[in-house]
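Any read-out appearing in this document is the output of simple, stated calculations on the displayed coordinates, not a laboratory observation. Here the structure is a predicted model, which is why all the values come from computation and not from measurement. FYI the Cβ positions are ideal-geometry reconstructions off the backbone, even for glycines, and counts take in every protein chain you see.
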Amino acid sequence: MGYVILNPEKVGSKTSPQDLEALCHFWRVLGFLLGLEDRFNVCTPNMEETIARIDQIQRKHLKSALTNRDDKFERAAEALLAGLWCFNLLLDHGALMFAAGRVAGLPGYGYWSAEKLAGEESHYRQLGWKSRGVLFVILSIHEVMLQKDWFRNIFNWILLTAGHFVIVMSNVVLKILKV
């Protein structure tokens, strides 16, 4: 949610200020329903305050965690990927860590030629070929293709159709197994 607020273009989101306020309201209400006190909720009724809170979390915690990855961070990232594989088979640890560093604005995570700074060490060179391929697909979809309305409509239709297919096939399998 924080990346959508701070860097919508890097995660494939075309949003208006009203869309962002609606997103924050949704997460604020969700926090309330989960019993989170308002003082601990990152989403506030004031959008500027919400942006400042999210930016502070990114600067103080996320950027340092991505820069100085320890064993706990790596295990947490692997657990997250293990839990998300059923939604996206393209998940790859190296590619997603690069994408996260990129969205967080860390140096050395430039991908497109116009973003690379002379003399800056690129973390891209540390990636294996599979991670590079997955990263290309992720960035091409999120930063280029999803900015086009026609592609977004087709992409959303494909995702919805795939979701319906999975539900139908799950029911077929359950009937076969008589569960």
Cross-link reach from K60 to lysines, straight Cα distance under 19 Å and at least 8 residues apart if same chain, gives K72
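With only alpha-carbon pairs counted, each pair once and no self-pairs, how large is the Kirkwood hydrodynamic radius of the chain in angstroms? Before the final figure, lay out each step's value.
Details: mean 1/r = 0.0531 Å⁻¹.
Across the chain, the inverse of the average 1/r is 18.8 Å.
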Once the in-chain neighbours fewer than 8 apart are removed, the lysines whose Cα is under 26 Å from K14 read K63, K116, K148
Cβ density ranking, 10 Å radius, fewest first, applied to F98, F87, F155, F26 yields F87, F26, F155, F98
Quarter of the surface of the C-alpha convex hull for the range 29-97, i.e. direction-averaged projected area in nm², equals 6.3 nm²
log10 I(q)/I(0) for the range 1-68, Debye formula on C-alpha points only (no solvent), q = 0.13, 0.22, 0.26 Å⁻¹, two decimals, reads -0.38, -0.98, -1.18
Low-density loop trypsin sites (Lys or Arg not before Pro), the range 115-145, at most 15 other Cβ within 10 Å, DSSP non-H/G/I/E/B, are K116
For the range 71-170 the GluC sites (Glu not before Pro) that pass both the DSSP coil test and the at-most-11 other-Cβ-within-10 Å test are E121
Restricting to Cα pairs under 8 Å and 6 or more apart, the percent relative contact order of the chain works out to 24 percent
In this structure, the FRET efficiency calculated for L174 and L89 from their beta-carbon separation, with R0 = 30 Å, to the nearest 0.05, is 0.85
Those helices of the chain passing the 27 Å axial Cα length cut-off and the mean Kyte-Doolittle cut-off of -1.0 (DSSP H runs only) are 149-177
Placing each pseudo-label 7 Å from Cα in the direction of the beta carbon, A79 and N156 end up separated by a distance in nanometres of 3.4 nm
